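I have placed the structure first, in the form of structure tokens, so that the comments after it can refer back to it.
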Amino acid sequence: MTTGNQNQKKYPTHNVYFLKDTGNDKPEWMKVGVAWEHKDGTGLNILVDSTSGQTPMVIRKNKPRSK
């Protein structure tokens, strides 16, 4: 049994850019991938296009250090 949202396509919530120095005040923004926000709101799954294919990455918020 599947629920309705398991079959829905999850579109990226963010775009990922590389900022290339152009030698003037404004860098060139080059789109290099996309990202999806985690359901718990504490991180992102990132997919970056590169010459070797797509590279998946994950970013998570730092947890407070215990004393």
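At-a-glance table
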item	result
Residue exposure sequence - Lys9, Lys63 - by fewest surrounding Cβ within 10 Å	Lys9, Lys63
Estimated D of the chain in µm² per second, where Rh is the Kirkwood radius over Cα pairs and Stokes-Einstein applies at 4 °C, 1.567 mPa s	88
Amide proton proximity set for Gly33, modelled H, under 5 Å, gap of 5+	Val16, Asp49
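Where a number appears in this text, it was derived from the coordinates with a stated rule and is not lab data. Keep in mind that what you see is a predicted model, and the values were worked out from it rather than measured. Please note: Cβ atoms are built from the backbone with ideal geometry, for glycine as well, and neighbour counts cover all protein chains shown.
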